[in-house]
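Below: the structure, in structure tokens.
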Amino acid sequence: MAAVEVLLFVLMLVIIVVSLLSNGVVLICFLYNPQIRKQVPCVFTLNLTFCNLLLTVSNMPLTLVGLVNKAQPGSDTFCQLVGFSETFLTTNSMLSMAALSIDRWIAVVFPLRYHSRIRHRDAALVLGYTWIHSMSFSTAAACLSWVGYRPLYASCTLSDVTDNSQTPFVVFTVVFHSLTFLLSFLVLCVTYLKVLKVARFHCRRIDVITMQTLVLLVDIHPSVRERCLEEQKRRRQRATRKISTFIGTFMVCFAPYVITRIVELFPSVPIDHRWGVVSKCLAYSKAACDPFVYSLLRNQYKKTCGDIINRLLKPSSMNASGPAD
């Protein structure tokens, strides 16, 4: 293997390990903490976690095999099944992120009516749509024989295996990515930018109240005044950073792969196979990022992880400090 291929192999291996561990921790927190299970967004988070785990254990290792052997892993039927699962799981993941953004938008913009507008039944209906949407495109691609091994990505994915239906395949690919990637991206932008607008409005109100308080407290110590002003700045930056993370990770991970798939439709444009694998790795890396972006960096999950660790270490510490026989 060339040096670049060795680096891609290591990168893929790291993505698989991180994705397995991080999504596994999210699943453990979900099972351990009943408060997390009571929240409506947990329906989308759990669906996203399962999609990421299935993608990690089924598709990523086979792409690793394809990268090493430079050949199709398994038979044609097996490769079609793997390509079907990748199309379904990736589409489902994108739509789950869009659903999470809509839930967050309703929670922030309509906080007093959130619990009456969004219930577990409503979340289940939205989740049902994501499954129907994902299943429709993946099933259509499989029935039309548009799933197979693609050397450019070293994986079983969407591909015009027969080369006899180029125009329909081009139309299908454009429509598929428009109604999955582009639609999800637009939903993320619209909802999170509205959330950011509301967050900045509340920050301005809090800043006005804080400044009025600081003016009244003329004898306040300069260090306390400085800390209050610094907290205002951090509060404004925190909201922008969170929104940038949600939208930015989606674009960085998925956009190169989707753009490559669209450019690939033009035979006159050459694409290096190493770039194809890199774009695939970036798309896979979203499965490793999602647990941190949507779950593990939240205080509730941090506290749950701490409780689990303390519970695991407590029997060991008691045994170590127990009286010797």
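Assorted remarks:
- Residue check, residue 102 in contact (Cβ under 8 Å) with a residue 60 or more places away in the chain, open to solvent by 10 Å² or more (accessible area, probe 1.4 Å) and in a helix (DSSP H, G or I): yes
- For first residues located in segment 107-126 and surrounded by 14 or more Cβ atoms within 10 Å (Cβ to Cβ) and hydroxyl-bearing (Ser, Thr, Tyr), partners that are part of a helix (DSSP H, G or I) and at pLDDT 75 or above and lie 6+ apart or on another chain with Cβ distances below 8 Å form the pairs 114/106; 114/107.
- Residue count for segment 241-271, restricted to those that are basic (Lys, Arg) and open to solvent by 40 Å² or more (accessible area, probe 1.4 Å): 2
- Residue 52 meets all of the listed conditions (1) more than 17 Å from the chain's Cα centre (by Cα); (2) modelled with pLDDT of 95 or more but one, namely (1).
- Hey, residue 183 outside any helix (DSSP H, G or I), aliphatic (A, V, I, L, M) and in contact (Cβ under 8 Å) with a residue 40 or more places away in the chain or not: no
The rows are residues; the columns are (1) modelled with pLDDT of 95 or more; (2) under 14 Å from residue 149 (Cα atoms).
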{"residue": "81", "(1), (2)": "no, yes"}
{"residue": "94", "(1), (2)": "yes, no"}
{"residue": "110", "(1), (2)": "no, no"}
{"residue": "121", "(1), (2)": "no, no"}
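The values are calculated or read from the model by the stated rules, or taken from the named source; none is laboratory data. Owing to the predicted nature of the structure, the values given are computational and were not obtained by experimental measurement. Positions of Cβ are backbone-derived with ideal geometry, glycine not excepted, and every protein chain shown enters the neighbour counts. To get the accessible areas, we keep the full protein, side chains included, count just its heavy atoms, and leave off ligands, DNA and RNA. Shrake-Rupley method; radii C 1.70, N 1.55, O 1.52, S 1.80 Å.
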